[in-house]
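The structure under discussion appears below in the form of structure tokens.
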Amino acid sequence: MIYVLGLGVSEYPKFNSEIIELLETSDRIFGSPRQLKCIKSLIKHQRVEPLPKLKELKSQIDSFKNVVILASGDPLFYGIGKWLSNNFEPSNLTFFPGVSSLQACCSELGLSMQDCEVISLHGRPLNNLRKKLTPNQTLLILTDQYSHPKALAQECLNAGIDNATITVCEQLGYTGQRIKSFSIEALLEQNIEFDVLHVSVIQTQTLATPTIQVMPTFPGFPDELFISDALPGKGMLTKREVRLNILSLLSLQNGDVIWDVGAGCGSIAVELAYWNQQAKVIAIEHHTKRFDCLQANKQKFGVNNLSLINAKAPEAFDQLASPNKVFIGGSGGELDNILKQTWGLLPVGGVLVASAVTENTKSALLSFMTNTNCESQSVQIAISKAEPLANQLVYRPNLPVTLIKMIKTQSESGIENNE
């Protein structure tokens, strides 16, 4: 049996009789040096071991009948609990949650936790923070050595957020507890050392200058925000008005795996990943300069659930996780093969959305849609944008874009039987 004990936020945790008995009778107790020190007075004989790396932990746990694993705070809140649940049967696990450091932080600052957003940067890329840095936000942040307060302040500044407050809560529940708030400017200008054991809170304000560029807060990024292979807002980008329709047709959900085939500079792929962090987005682009822009946009918007493949479709498909949704924005002359292969890979209920500007491409898409067992819809979008002409206002039309959406209703074997 595995007992997972959250120590809470305390230098000297207090336990009830049930937990004290578990500590006294377990075959082995695993924990970090700091955690083991917290319970030192309760251990009467040597049955403790430093917590090994996770890849080694499972075999060690299996060597004993009853094991206690120490955790900080609540083990099922960005803690070891999820890994244990993924690697052991629920019937073999018992959790004893403690107060998390973020709960203690909110209590010290008088913050209602339901009004805050929690972000873990512990062992995760710092740029995960970028998409959360918008006005009027309170962010509770679990950090590591790469996401120290000065690094957080720099990310705020890079995102156009220069009037935020960053509060650092050090050694919560310990005798050395210290809580202090800083401006962005102060953290960047001063070399302040912080204890390793800390959490941070970022509180952003309404922008004093609304024209300052910050991360988007609603789908439909302005075209000018993307790095492209031409002037700002131009180049191989699916433009905002068309992009919004494509996002709606795809309707990404948690757990989706979606391919963006012929991703160009990445406006579709980036927005798909940005608005649903629990989906996996794979962008395929063979053009070298556009792929460079795609990489730059992934970094700019902090979309680490976006994977990039620099290869030509459909040759790249064999190396990719199977999709349940596909968007085809470019084909490099291989549209027929791409349609057949992606459609064959999609499960029943899978979605394929494709766009066309030329009549030849539109005809090929409509023909495929007509001759395929699917639920389908097609729409043509014609956008005209205002421009000055001889001191007058005119609306200059863009080329219309045709979109098709197909939902797979039968397996490939079912289609063959019908034929």
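The values are calculated or read from the model by the stated rules, or taken from the named source; none is laboratory data. As the structure is a prediction and not an experimental result, all values here were calculated from the model. So basically every Cβ, Gly included, is an ideal-geometry build from the backbone, and we count neighbours across all protein chains shown.
In the set 80, 43, which member is of a type in the set (Val, Ile, Thr) and under 22 Å from residue 196 (Cα atoms)?
When all the criteria are applied, what remains is 80.
Among the residues that make up segment 74-81, is at least one of them in contact with an Asp or Glu (Cβ under 7 Å, 6 or more places away or on another chain) and small (Gly, Ala, Ser)?
No: segment 74-81 contains no residue that is in contact with an Asp or Glu (Cβ under 7 Å, 6 or more places away or on another chain) and small (Gly, Ala, Ser).
Considering 353, 348, which residue is among the β-branched types (Val, Ile, Thr) and assigned to a strand (DSSP E or B)?
Sole residue among the options that is among the β-branched types (Val, Ile, Thr) and assigned to a strand (DSSP E or B): 353.
Identify, by number, the condition in (1) under 23 Å from the mean Cα position of the chain (by Cα); (2) touching a residue at least 40 places away in the same chain (Cβ under 8 Å); (3) under 24 Å from residue 168 (Cα atoms) that residue 117 doesn't meet.
(2)
Can you tell me how many residues in segment 240-263 are in a loop (DSSP other than H, G, I, E, B) and touching a helix residue (DSSP H, G or I) at 6+ places or on another chain (Cβ under 6 Å)?
Residues that pass the stated criteria total 2.
Mind checking whether some residue in segment 390-409 is modelled with pLDDT of 95 or more, over 16 Å from residue 248 (Cα atoms), basic (Lys, Arg) and not in a helix (DSSP H, G or I)?
Looking through segment 390-409, at least one residue is modelled with pLDDT of 95 or more, over 16 Å from residue 248 (Cα atoms), basic (Lys, Arg) and not in a helix (DSSP H, G or I).
Could you look through segment 130-189, keep only residues that are free of Cβ contacts under 8 Å to residues at least 40 places away in the same chain, closer than 24 Å to residue 273 by Cβ and charged (D, E, K, R), and pick out the one that is surrounded by the fewest Cβ atoms within 10 Å (Cβ to Cβ)?
144
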